[in-house]
Amino acid sequence: MTTPPEDFTKDQTLHLTIDREAGTIATPWGMVLPARPFFGIMATAPRPEDGCLTSIVPGYFGGNMDNREITAGAVLYLPVSVEGALFSAGDGHASQGDGEVCLTAVETGLSGTLRISVIKGEKLGMPYAETEDHLIAMAFDEDLERAMKSALRYVIRMITERTQLTAAQAYSLCSMAADLRITQVVNIKKGVHVMIPKALLAQKPKEI
């Protein structure tokens with residue numbers, strides 16, 4: 001069985017029309033997609049001992065995560081590894097499907113208004129995000145299965161920290177109610193994110 005990149009060996013250039021007022025994107029073959037803009041790259045500076053890193057590969061500092069859920073109204077939590085954090089954003093997308101399987105999505109110039117707050121005293125090993133309805137754990141690895149396991153362990157820990165559930169109960173809850181999604185598979189380190197409804201975490205479980 002071949003993988004999709006091996007099935008398509010000829011380069012192609014697509015010109016997509018973005019209607020900013022309508023919030024839509026027109027494809028060359030006549031389909032119209034809804035726009036859902038977001039920054040593919042949002043990062044703090046990595047640890048100095050890690051040296052100069054490429055912007056292609058995501059990591060503990062964020063970077064090229066390509067997570068389409070981190071759009072207007074979302075909150076992204078990133079670790080601070082250097083003084084001043086040195087936050088940066090870029091890689092604008094007008095729209096993207098989970099996975100970004102064909103290397104690029106609807107790439108575009110993008111500007112936005114970001115509010116940056118410092119949470120003192122917190123120790124954060126990996127980025128995570130919140131939307132109005134979901135808590136989102138993320139992980140990245142060259143091996144997709146390892147990324148999946150890391151993201152799942154991360155969300156289990158987040159659930160136990162926010163509720164009275166045991167790790168085993170949180171694991172079961174993830175199987176019942178969490179959505180495990182492939183963020184992207186094209187940035188060397190593949191991304192997986194797990195979305196758990198925040199409303200569930202606000203419930204007080206009964207004692208068993």
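Tabulated results
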read-out: Sulfur and carbon atoms: percent of accessible area, segment 1-159 [1.4 Å]; value: 54 percent
read-out: Relative contact order for the chain, counting Cα pairs under 8 Å that sit 6 or more residues apart, in percent; value: 19 percent
read-out: Exposed chymotrypsin sites (Phe, Trp or Tyr not before Pro) absent: longest stretch of the chain, with sites in DSSP loops and at most 13 other Cβ within 10 Å deemed exposed; value: 30-208
read-out: Convex hull volume of segment 1-78 per residue (C-alpha atoms, cubic angstrom); value: 180 Å³
read-out: For segment 160-208, accessible area per residue (1.4 Å probe, heavy atoms of protein chains only), Å²; value: 64 Å²
read-out: Residue-averaged [θ]222 nm for the chain, counting only DSSP H segments that reach four residues, each worth -39500 (n - 2.57); value: -5500 deg cm²/dmol
read-out: Unit Cα scatterers, Debye sum, segment 34-128: log10 I(q)/I(0) for q = 0.20 Å⁻¹; value: -1.01
read-out: Amide hydrogen neighbours beyond the local backbone of Leu53, cut-off 5 Å, H modeled; value: none
read-out: Bridge type composition, the chain - antiparallel percent by DSSP, nearest 5; value: 95 percent
read-out: Calculated over the chain: convex hull of Cα atoms, volume per residue (Å³); value: 167 Å³
read-out: Long-range amide H partners of Val106 with built H, under 5 Å; value: Ala94, Ser95
read-out: Candidate lysines for bridging to Lys190, where Cα separation is under 20 Å - those fewer than 8 sequence places away on the same chain excluded; value: Lys149
read-out: In order through segment 46-58: 3J(HN,Hα) via Karplus (6.51 cos²θ - 1.76 cosθ + 1.60), integer Hz, x for Gly, Pro; value: x, 4, x, 5, 7, x, 7, 10, 6, 7, 6, 9, x
read-out: Sparse-neighbourhood loop sites, trypsin sites (Lys or Arg not before Pro) in segment 153-208 - DSSP loop, at most 16 other Cβ within 10 angstrom; value: Lys206
read-out: Cα-based Rg / Dmax (Å) for segment 124-172; value: 11.3, 34
read-out: Cα-based equivalent ellipsoid of segment 132-200: semi-axis lengths in Å, sorted from largest, via gyration tensor; value: 22, 12, 9
read-out: Within a Gaussian network of the chain (alpha carbon springs, distance under 10 Å), most fluctuating of Met138, Met65, Met42; value: Met42
read-out: DSSP-assigned coil residues among GluC sites (Glu not before Pro) in segment 76-178, each with at most 13 further Cβ atoms within 10 Å; value: Glu83, Glu122, Glu132, Glu142
read-out: Taking segment 143-192 and dividing mean pair separation by its residue count, relative contact order in percent (alpha carbons under 8 Å, at least six apart); value: 42 percent
read-out: 3J(HN,Hα) from dihedral phi, segment 140-153, Karplus parametrisation 6.51/-1.76/1.60, rounded to Hz, x for glycine, proline; value: 9, 6, 5, 9, 5, 5, 5, 4, 4, 5, 5, 5, 5, 4
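The values are calculated or read from the model by the stated rules, or taken from the named source; none is laboratory data. Just so we're clear, the structure is a prediction, and the values are computed from it rather than from any experiment. Don't worry about glycine lacking a Cβ; one is built from the backbone with ideal geometry, like all the others, and counts go over all protein chains shown. For the accessible areas, the whole protein counts, side chains as well, though only heavy atoms, and no ligand, DNA or RNA atoms are used. Shrake-Rupley method; radii C 1.70, N 1.55, O 1.52, S 1.80 Å.
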